[in-house]
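Have a look at the structure below before the remarks.
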Amino acid sequence: MNRIPIIEVKNLVARYGERVILSDINFNIYPGDIFMVIGGSGCGKTTLLNHMIGLLSPFAGDVLIDGQSISRIPENQRLTILKKIGVLYQSGALFGSLDLLQNVALPLEELTDLPKDAILEIARNKLKMVGLEKFFEYLPAEISGGMQKRAAIARAMALDPKILFLDEPTSGLDPISSSEIDQLVVNLAGILGITFVIVSHDVASICKIGGRVILLDNGKIVAEGRPEELRHSKHALAKRFLQVNR
Amino acid sequence: MDIRVERPAPDTLKVTFLGNLDIENVTKIWRLCVDAVDRESPRLLHLDFSKVDYCDGSGLALIKVLQQKQAKNHKSCTIFGLKPTFQKLLEYIEQRPDKVETSALLQEGLPEKLGHITVDILRDLKENVVFLGILSYQLFLSLLNPTKIRWSDFFRIAEDTGPQALPIIALIGFLIGLISTFQAAPSFADFGAQIYMVNLVGLGLVREMGPLLTSVLLAGRTASAFAAEIGTMKINQEIDALQTMGLNPVRFLVVPRILVAMLVTPILEVFFVIFGLLGCLVVMITLGYTTDVFFHQLYQSIEPIDYIGGLIKVFAFGLVIAGVGCLHGIKTRFGAKAIGQSTTQAVVSSLIMLVVVDGIFALIYYVLGV
């Protein structure tokens, strides 16, 4: 069957001044995929993610979401693409002055015309999906780091995006919280069919989630495949990365 | 997307959903569905999803709200034709209890709130006293052993606080001198005493306006900067890092700032007074007085003790500005909002403290006959 990619990264080149961060990156991501970008610190993972979510414009090449260029789309149509994606930032980036329910309800209040009761019900359900049904009225500062990440995932899912981008979802978390986040990703991908793009260097997570992986090094894709394939591949860095970090 | 509402039997309402239940469609039909159920209040509500291919979180929310309405009225609700994936998700959400634990802070009654406020005030007072004690001790230690002072930080902060503040100090000083002389001119002219405007503005600038307005400007500029800088370090755990490295944050961060403020504020005050007098001179020249007359009158009206009194005062004001700014920086709590609160409190508190300290100096000078 000829599947249509939901994300296409075509000949992407990224530069900061004269320094080339990403050079000639190409890959496709298909609906329902769990796609992981791994690599050492400074290899260009977050830069790649920022290009995919439209925070940075490519020096050359393009990123297409559902066939539309995220960097070249007119401003008045940009929201249509942005509604298709949800992003979990490394720090969670929850609004400290709002409780969890208000955090999740915020995008629904601002970007939809749903009635208030509908918004609250959706926000409650999203928090239930990530297992935070008892903490609706808690402020972010009152819950643990793992719970903050889960709440941030709930907020990213508020508008039922087709794609969820997770930037280092397990960084700074204990193994149990990390494992809960991994399981959540697997569950959400399985139940909701959301496409996940995960930037990480947590190999335990990568192996547990087990999607398709690309390994970046010096701004280039140096290996691609499933975690098990990479571990047993002939590529030295891939092998080392997945074995040393395990 | 559409819905079909039927009454297949008395007391039974059948709602058939035609199309995908995504956020856009649910927005259109939410009110229709909820109103239909409220209006009809059926004994049995039959929801038919056999023609629905996709259902997202908003669709599930609609189903749940309709189910809850029926349950609340002790009536039944049946679901037909919902695809297994969405059925599974609905069951997953239903398994989660709706019983919400309220945050401890939100559960407080009036007595607890009053208690918390009292404890907060006392804790705040204690923190201020402790800070003052540590600061005095660390200042004393630093002055005993000046090699312990971080001179690189001192010069960096001095540059930000001093030379970079000079243009605004000079501009405001000049304008204050110019405007106050200009405003006083008509009244003094009535008595043929325009030359005494030099006494008024000169003495006013040296004794009161110079020290106070320089300090007010620095309270807005420097106290807020100190609070924001130290507050951000607190949030980034840099202060925790200093403590765990065995470094005293007060000696490391506060002492250089206090010393800078105590040194720079009097210098800036001198510039403020000079530019203020320059403003006064400009008005006097336009009124036909020569510079010789201006300086002669100024020399006669201001005693050295007036200069010294103003400088001692501004020295204390510098201490207040830096101390209050740093204190609020160190007391910063969590989040972006906390930085805003700290900087605001730093400015407001230092302004209040300036006026209080100025009042104390006025009293002391009165008693001493200065």
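The values are calculated or read from the model by the stated rules, or taken from the named source; none is laboratory data. Remember, predicted model here, so these are calculated numbers, not experimental data. Cβ placement follows ideal geometry from the backbone for every residue including glycine, while neighbour counts extend to all protein chains displayed. Calculation scope for accessible area: heavy atoms of the full protein, side chains included, ligands and nucleic acids excluded. Shrake-Rupley method; radii C 1.70, N 1.55, O 1.52, S 1.80 Å.
Please identify the trypsin sites (Lys or Arg not before Pro) of segment A:52-98 that satisfy two criteria: DSSP loop assignment and at most 12 other Cβ atoms within 10 Å. Which are they?
A:Arg72
Charges at C-beta only: +1 for Lys and Arg, -1 for Asp and Glu. How large is the resulting dipole of segment B:133-368 about its Cα centre, in Debye rounded to 20? Provide the component values of the computation, followed by the final result.
Working: 12 positive and 13 negative charges, 171 e Å.
So the magnitude is around 820 debye.
For segment B:172-189, just list the computed ³J(HN,Hα) in residue order, Karplus coefficients 6.51, -1.76 and 1.60, θ = phi - 60°, integers in Hz, with x standing in for Gly and Pro.
Those phi angles translate into 5, x, 4, 5, 4, x, 5, 5, 5, 5, 4, 5, 6, 3, x, 5, 5, 5 Hz.
Percent of alpha carbon pairs in segment B:275-370 separated by more than 19 Å? Don't jump to the answer; show the numbers that get you there.
Working: 2787 of 4560 pairs.
Above the 19 Å cut-off, segment B:275-370 has 61 percent of its Cα pairs.
For segment B:182-252, which GluC sites (Glu not before Pro) pass both filters: DSSP loop (anything but H, G, I, E, B) and at most 11 other C-beta atoms within 10 Å? Working shown, then result.
Values: sites: B:Glu208, B:Glu229, B:Glu238; in loops: none.
Here no GluC sites (Glu not before Pro) fit, given the DSSP loop and packing criteria.
Could you go through segment B:354-360 in sequence order and give the Karplus-derived ³J(HN,Hα) for each residue, using 6.51 cos²θ - 1.76 cosθ + 1.60 with θ = phi - 60°, rounded to whole Hz, and x for Gly and Pro?
Rounded to whole hertz, the list is 4, 5, 4, 5, 4, x, 4.
Under the classification rounded if a/c is under 1.5, otherwise prolate if a/b is larger than b/c and oblate if not, where does segment A:1-97 fall, given a ≥ b ≥ c as square roots of the Cα gyration tensor eigenvalues?
Since a/c stays below 1.5, the shape of segment A:1-97 is classed as rounded.
I'd like to check one number: the per residue accessible area of segment B:133-368, probe 1.4 Å, reported in Å² as a whole number.
I get 50 Å² per residue for this part.
Hey, can you find the accessible area per residue of segment B:2-95 for me, probe 1.4 Å, expressed in square angstrom?
Ligands and nucleic acids excluded, the result is 49 Å² per residue.
At a 1.4 Å probe radius, which order do B:Phe174, A:Phe196 fall into by accessible area, largest first?
These residues rank, largest area first, as B:Phe174, A:Phe196.
For segment A:67-173, just say rounded, prolate or oblate: build the C-alpha gyration tensor, square-root its eigenvalues into a ≥ b ≥ c, call rounded for a/c under 1.5, and beyond that prolate if a/b exceeds b/c, oblate if not.
The shape class here is oblate.
Summing +1 for each Lys or Arg and -1 for each Asp or Glu, what net charge is found among the other residues whose Cβ lies under 10 Å from the Cβ of B:Leu141? If you can, show how the numbers build up before the last one.
On the way: positive: B:Lys148, B:Arg251; negative: none.
Neighbourhood net charge equals +2.
State the Cα centre-to-centre distance between segment A:99-143 and segment B:121-141 in whole Å.
Answer, in whole Å: 42.
A:Ile176 to B:Glu127: FRET efficiency via 1/(1 + (r/R0)^6), r the Cβ-Cβ distance, R0 30 Å, to the nearest 0.05?
For A:Ile176 and B:Glu127, the calculated efficiency is 0.25.
Grab the other residues whose beta carbon is less than 12 angstrom from that of B:Asn20, score K and R as +1, D and E as -1, and report the net.
-3
Once you average over the residues of B:60-66, how many Cβ atoms of partner chains fall within 10 Å of each Cβ?
Whole-number average of other-chain Cβ neighbours for B:60-66 is 5.
Can you find, among B:Pro249, B:Ala227, B:Gln183, the residue sitting farthest towards the positive end of the charge dipole of segment B:132-290, where Lys and Arg contribute +1 and Asp and Glu -1 at Cβ?
B:Pro249
Over chain B, what is the relative contact order in whole percent, taking alpha-carbon pairs under 8 Å and six or more residues apart?
This gives 17 percent for chain B.
When the C-alpha atoms of the protein assembly as shown are aligned to their principal axes, what extent does each axis show, in angstrom, from largest down?
Principal extents (largest minus smallest coordinate, Cα): 104, 69, 48 Å.
Would you kindly find the accessible area of B:Thr344, with a 1.4 Å probe and non-protein molecules such as ligands, DNA and RNA excluded, rounding to the nearest 10 Å²?
Result for B:Thr344: roughly 80 Å² accessible.
With the contact rule set at Cα under 8 Å and sequence spacing of 6 or more, what percent relative contact order holds for chain A?
Result for chain A is 25 percent.
By the scheme Lys and Arg +1, Asp and Glu -1, what is the net charge of all other residues having a beta-carbon under 14 Å from that of A:Arg78?
Overall, the nearby charge balance is +1.
Which loop chymotrypsin sites (Phe, Trp or Tyr not before Pro) in segment A:1-63, with loop taken from DSSP, have no more than 16 other Cβ atoms within 10 angstrom of their Cβ?
Counting only loop positions with at most 16 other Cβ atoms within 10 Å, the chymotrypsin sites (Phe, Trp or Tyr not before Pro) in segment A:1-63 are A:Phe59.
At 7 Å along the Cα-to-beta-carbon direction for both B:Leu44 and B:Tyr365, put a label point, then send me their distance in nm to one decimal.
9.3
So what does the Cα-only Debye profile of segment B:133-368 read at q = 0.12, 0.13, 0.16, 0.18 Å⁻¹, as log10 I(q)/I(0), no solvent term?
Evaluating at q = 0.12, 0.13, 0.16, 0.18 Å⁻¹ gives log10 I(q)/I(0) of -0.71, -0.80, -1.07, -1.25.
Accessible area of chain B with a 1.4 Å probe: how many percent of it is carbon plus sulfur?
Details: 12800 of 19560 Å².
On chain B, the fraction of accessible area on carbon and sulfur atoms equals 65 percent.
State, in square angstrom and to the nearest 100, the accessible area buried between chains B and A, both chains counted, probe radius 1.4 Å.
That pair of chains buries around 2500 Å² in total.
What number, rounded to the nearest 500 deg cm²/dmol, is the helix-based mean residue ellipticity at 222 nm of chain B, given -39500 (n - 2.57) per DSSP H run of at least four residues and division by all its residues?
The helix contribution divided over chain B gives -23500 deg cm²/dmol.
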